[in-house]
1. Scan (1) in a loop (DSSP other than H, G, I, E, B); (2) in contact with a strand residue (DSSP E or B) (Cβ under 9 Å, 6 or more places away or on another chain) for the single condition residue 297 breaks and write down its number.
2. What is the one condition in (1) in a helix (DSSP H, G or I); (2) modelled with pLDDT under 90; (3) over 25 Å from residue 141 (Cα atoms) that residue 307 does not satisfy?
3. Can you give me the number of residues within the range 124-143 that are free of Cβ contacts under 8 Å to residues at least 40 places away in the same chain and more than 23 Å from residue 179 (Cβ to Cβ)?
4. Given the residues 337, 291, which is the only one that is out of contact with any strand residue (DSSP E or B) (no Cβ under 6 Å at 6 or more places or on another chain), surrounded by fewer than 13 Cβ atoms within 10 Å (Cβ to Cβ) and at pLDDT 90 or above?
5. For the range 183-218, which residues satisfy the criterion of being within 23 Å of residue 119 (Cα to Cα) and part of a helix (DSSP H, G or I)?
6. Are any of the residues in the range 41-58 in a loop (DSSP other than H, G, I, E, B) and more than 23 Å from residue 294 (Cα to Cα)?
7. Give all pairs with beta carbons closer than 9 Å in which a residue from the range 167-194 that is closer than 26 Å to residue 142 by Cα meets a residue that is outside any helix (DSSP H, G or I); count only pairs at least 6 apart in sequence or on separate chains.
8. So, in the range 88-112, of the ones that are farther than 17 Å from residue 259 by Cα and either touching a strand residue (DSSP E or B) at 6+ places or on another chain (Cβ under 7 Å) or touching a residue at least 60 places away in the same chain (Cβ under 8 Å) (or both), which residue ends up surrounded by the fewest Cβ atoms within 10 Å (Cβ to Cβ)?
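The values are calculated or read from the model by the stated rules, or taken from the named source; none is laboratory data. Keep in mind it's a predicted model, so treat the numbers as computed, not measured. Methodologically, a virtual Cβ is constructed for each residue, glycine included, from the backbone with ideal geometry; neighbour enumeration extends over all protein chains shown.
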């Protein structure tokens, strides 16, 4: 992006930009290229989320602000922006204000390596999966800092719950990723998508292979990783009021929600890339490739988010012991066994093929 700015400056003003300026402007342009569309998508996704809940509960949902209520999310954002941020007297002010920003940043930076179509990616890293796994592991720090800096027992208990929950289900997600990587032989997200072309019976996507159980583990683990129902234990109102964000208000509270929804749609994008062929059509049929790849990608993301909203509106919350038992006694052994089975199949297949 920086080189295009340099070309424009040279053409318009005859000014040759120095190398450091090209690099700086290019980096800022790439950040804005990712951050602004994601934030706009988050606003629309919140609207969709509320509409799905309303439909399941047999009510209308947002329908007043703007046509069909489309401006409701922006009105809510303006409302919280104009409200006063209240900081508890005993809180660590610097960390208290830093935590929401960290949650939002870690929810956005993962999008830098997500390919929306072949070649349409901000940074096509060879180790894209490792980058995403590292970023998702850092997201827990924003919640831990928020719970500790609030100087509240409810906030701290909610932060501890969330940390234990996220770390527990990251283990299962890691083994699911290993299973996919064994089949592809690459850590690059573009290579993972291309490896799913016509993978079995004319379908594009690992979901239609022996990795189907890994998709369901990944989907449920993504619910737990993002603190969504039925795994929203950090915010169990009957037990700890609002969890780690009980002391937050106005824009600082809104940043937590923005980071949460940015992470949710990131998980939806990862599911489409890892198991449903990303920008490839579901069926390997030539006329379907006339539809632009990014439309397939966004359509798959929207479907997975609809499933997230559907579950939140219809499934009751787990108890905390049930949550941890599911992660450590069910998902961890099953995902580990599937890694072993996948490795054995690939070794046998390669040996037999040679």
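1. If we test residue 297 against (1) in a loop (DSSP other than H, G, I, E, B); (2) in contact with a strand residue (DSSP E or B) (Cβ under 9 Å, 6 or more places away or on another chain), just (1) comes out false.
2. Of everything listed in (1) in a helix (DSSP H, G or I); (2) modelled with pLDDT under 90; (3) over 25 Å from residue 141 (Cα atoms), residue 307 misses just condition (2).
3. The qualifying residues number 3.
4. Exactly one of 337, 291 is out of contact with any strand residue (DSSP E or B) (no Cβ under 6 Å at 6 or more places or on another chain), surrounded by fewer than 13 Cβ atoms within 10 Å (Cβ to Cβ) and at pLDDT 90 or above, namely 337.
5. Matches in the range 183-218: 183, 184, 189, 190, 191, 192, 193, 194, 206.
6. Yes: the range 41-58 contains one or more residues that are in a loop (DSSP other than H, G, I, E, B) and more than 23 Å from residue 294 (Cα to Cα).
7. 169/231; 176/211
8. 90
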